[in-house]
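Structure first, commentary second.
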Amino acid sequence: MRVRAAKFFLRGVNFSCSLIVLSMIATTFSIFNATRSIPPRNNLPPWALTTNPWPQITLLCISCVSLVTCILVFWGYSRGGYRRAEKVAVYYTSFAVLFFCFSIAMWGIGGAILNQSRVNGNGQDLWGWSCKDNTRRDLFQEEINYALICRLQVRSLTENIKERLLTKFRTGLSCAASSKSLSRY
């Protein structure tokens with residue numbers, strides 16, 4: 001019973017982390033879309049002309065998939081998921097381990113894409129541009145809070161890492177619980 005409670009709790013934390021990433025990336029896009037048409041000042045645009053937001057879009061999609069999956073699992077729990085899981089422990093655990101591996105890979109790829117876009121973007125990506133401290137930041141400080149967008153990007157990557165660690169912990173918990181339940185048969 002304690003393992004079930006721990007798995008349910010970790011799923012709730014996973015849901016929360018996904019929701020946090022979703023809200024931070026959505027806020028970033030909201031600010032970016034609202035301010036990218038501001039006219040240049042001193043021949044400096046508010047955003048790079050070649051700003052490519054696809055790393056953020058990727059992370060947004062990953063957090064949406066994770067959020068929907070958490071909702072489906074919660075729905076399954078409310079429909080008697082634990083009792084059904086006990087009846088088909090082998091199948092349930094196999095599915096859980098495969099899903100957790102998929103989740104780890106999904107969040108890992110998202111984090112790598114987001115981090116590499118900043119590292120290789122030469123400051124022309126959404127994250128790198130918002131973290132630059134230069135004259136442009138002073139010119140647009142009334143309309144755009146670049147520091148906030150920068151912090152949101154850093155926090156999104158941090159939450160991504162948390163998601164992967166939680167998924168690894170849940171996978172270990174599921175494997176331990178399944179081996180314990182299989183040993184009873």
*Any residue in segment 118-131 that is assigned to a helix (DSSP H, G or I), at pLDDT 85 or above and β-branched (Val, Ile, Thr)?*
no
*Do we find that THR93 is at pLDDT 65 or above, surrounded by 15 or more Cβ atoms within 10 Å (Cβ to Cβ), among the β-branched types (Val, Ile, Thr) and assigned to a helix (DSSP H, G or I) in this structure?*
no
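Taking segment 13-26 as the region of interest, how many residues are of a type in the set (Gly, Ala, Ser) and touching a residue at least 12 places away in the same chain (Cβ under 8 Å)?
Here the count works out to 2.
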*Collect the residues in segment 45-70 that are loosely packed, with under 13 Cβ neighbours inside 10 Å, over 24 Å from the mean Cα position of the chain (by Cα) and among the hydrophobic types (A, V, I, L, M, F, W, C), keeping them in residue-number order.*
LEU49
*Might you let me know whether segment 40-52 holds any residue that is hydroxyl-bearing (Ser, Thr, Tyr) and part of a helix (DSSP H, G or I)?*
no
_Among the candidates SER156, SER178, residue that is at pLDDT below 90, touching a Leu at 6+ places or on another chain (Cβ under 7 Å), of a type in the set (Gly, Ala, Ser) and surrounded by 13 or more Cβ atoms within 10 Å (Cβ to Cβ)_ = SER156
*State which residue pairs qualify: first residue farther than 15 Å from GLU142 by Cα and touching a residue at least 40 places away in the same chain (Cβ under 8 Å) and inside segment 27-43, second residue surrounded by 14 or more Cβ atoms within 10 Å (Cβ to Cβ) and basic (Lys, Arg) in any location, beta carbons under 6 Å apart, and separation of 6 or more residues or different chains.*
none
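The values are calculated or read from the model by the stated rules, or taken from the named source; none is laboratory data. Since this is a predicted model, take the numbers as computed values, not measurements. Please note: Cβ atoms are built from the backbone with ideal geometry, for glycine as well, and neighbour counts cover all protein chains shown.
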